[in-house]
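Data block below; observations after.
The values are calculated or read from the model by the stated rules, or taken from the named source; none is laboratory data. Small disclaimer: the values here were computed from a predicted structure and weren't measured. We place every Cβ from the backbone using ideal geometry, glycine too, and count neighbours over all the protein chains shown.
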């Protein structure tokens, strides 16, 4: 009898499933995002979805989440428009558009702060200025057809993916550090460029062709082809294959002894990765993936990098996050597409090439963090982290100063280092205005530094056994950052000031330092958008990046013949261009 009931239940499900699928297939959906004019996501914006019917209108209300995204329930086909509002911003209403069967409409809504509304300039991302009449009593924009005919139905965004691309070109290297390559860090050899091109294969899938290239004392290039499938807003899957080559040997000043054995002509890299993300309602979000890297430089070396990130939102304003990763995103290895999605071009394996010697390292980063929104524009995060380093890690730059002789630069590797660093990070983020943000981060963690009384005496001794002169100890670090966008020119100015209690030779909480600041320093970054020309499909942006302006974070050690100056992040200037188009 029990098996009979199970059989009947199964038959009932099989009979009802086609009907339910057909019913769902008869409906559509509206998704999108709400941002400020500066592109920052706005949470808790009220999105009123209005459907026009013969008897009048009826509507439903939804709110944007912490990332500014919103998604409606399944909607019956028909003519709709949106009314979007948020406290402190000028409400807007979109033109009418059609929702078809089994289609998703994606709309990006940009709101303007009331303080900026005096200019009364229309945002071309939302509407056609020729079809707008201004309402003086309600303080909102009412859309009408200027010609008296029915307004155009919004076709833009009917497909989830569109053709787009981004490119960045940056130049500049610290003085005296040429002659080596460090990936995935900023180019130390001359000019570094990144690019990404996307081509939709349908409404739910696309191909992303991305790559990186360095040109200067040596050359490096890498290409990656990625297939992305996004069945809905809660799921995203990617599979990619990449190949790269580093020409060698890199010229060197002899800072690291080279073998007499002839070196191979270059290093080849091959990478395969699979990753996905799943979101369960607004409660749990999971990202997971596996990277397999093969490197060939005379012999094969293989690395396997698993990764996972789980974000739990147990209550409004609270989020808990735990993660394990080897791929470290940084500002110099990411691109932002026109629709706002970030493409990560970084590699999970750290590669250093000096002369004919290649070193490879793997860093496994684990972290647990709790974040609480204490106010509408203020959040506090506490994180515990741990980094396990397998390999020499990042090399140390040493300047040898001998009276009466020119200063010489040396690169010292830490030899094979199976060490771990752990610590705690407390971050406070606050948005004063939409165009003015600030943050303060305190870190108490382990780092390598020179032991007391452990001066090596000469570069030769330091090269021979660097671990003998170093020790692991806890350091304090405090970082303050102010990011402002000028309202008229849209110039982005970011100032970062970092203070360390000592002179650590390894970075504290390296994975959170996406700007690659590393040591005690004062840094300035300027981004200036170039006005878009009429008829152009893209936008240019000028970049100026001043690192360690005061040349801080230097440790001077006495040597037998003079001094040894240790500095991981010397003064430098990067400049370049960014370009995005769709």
Report whether or not residue 315 is over 18 Å from the mean Cα position of the chain (by Cα), at pLDDT 85 or above and under 26 Å from residue 109 (Cα atoms). no
Give region 391-408 a look and list any residue that's under 36 Å from the mean Cα position of the chain (by Cα) and part of a loop (DSSP other than H, G, I, E, B), or say none. 392, 393, 394, 395
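One line per residue, one yes/no per condition, for (1) exposed (fewer than 15 other Cβ atoms within 10 Å of the Cβ); (2) farther than 20 Å from residue 412 by Cα:
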{"position": "460", "(1), (2)": "yes, no"}
{"position": "469", "(1), (2)": "no, no"}
{"position": "489", "(1), (2)": "yes, yes"}
{"position": "494", "(1), (2)": "no, yes"}
{"position": "500", "(1), (2)": "no, yes"}
{"position": "504", "(1), (2)": "no, no"}
{"position": "519", "(1), (2)": "no, no"}
{"position": "523", "(1), (2)": "no, yes"}
Check residue 307 against each of (1) closer than 19 Å to residue 389 by Cα; (2) surrounded by 13 or more Cβ atoms within 10 Å (Cβ to Cβ); (3) more than 21 Å from the chain's Cα centre (by Cα) and name the one condition it does not meet. (3)
Report those strands (runs of 3 or more DSSP E) wholly inside region 282-363 carrying at least 1 residues which are out of contact with any helix residue (DSSP H, G or I) (no Cβ under 9 Å at 6 or more places or on another chain) and more than 26 Å from residue 164 (Cα to Cα). 284-296, 300-312, 318-325, 349-354
Within region 269-282, how many residues turn out to be exposed (fewer than 15 other Cβ atoms within 10 Å of the Cβ) and in contact with a strand residue (DSSP E or B) (Cβ under 7 Å, 6 or more places away or on another chain)? 4
Under 8 Å between Cβ atoms, which residue pairs at least 6 apart in sequence (or on different chains) link something in region 89-103 that is on the phi > 0 side of the Ramachandran plot with a partner that is surrounded by fewer than 18 Cβ atoms within 10 Å (Cβ to Cβ)? 102/25; 102/26; 102/27
Within region 525-537, restricting attention to residues that are surrounded by fewer than 18 Cβ atoms within 10 Å (Cβ to Cβ) and under 22 Å from the mean Cα position of the chain (by Cα), which residue is nearest to residue 582 (Cα to Cα)? 529
Among the numbered criteria (1) modelled with pLDDT of 70 or more; (2) within 16 Å of residue 506 (Cα to Cα); (3) outside any strand (DSSP E or B), which single criterion is violated by residue 411? (3)
From the option list 439, 346, 420, 366, single residue qualifying as over 20 Å from the mean Cα position of the chain (by Cα) and surrounded by fewer than 20 Cβ atoms within 10 Å (Cβ to Cβ) is 420
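May I ask you to say which residue of 358, 290, 286 is touching a residue at least 40 places away in the same chain (Cβ under 8 Å) and assigned by TED's automatic domain parsing to the domain that holds residue 222?
358 is the lone residue from the list that is touching a residue at least 40 places away in the same chain (Cβ under 8 Å) and assigned by TED's automatic domain parsing to the domain that holds residue 222.
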Tally, over region 390-406, of residues that are without any contact (Cβ under 8 Å) to a residue 60 or more places away in the chain and either touching a strand residue (DSSP E or B) at 6+ places or on another chain (Cβ under 8 Å) or within 15 Å of residue 470 (Cα to Cα) (or both): 3
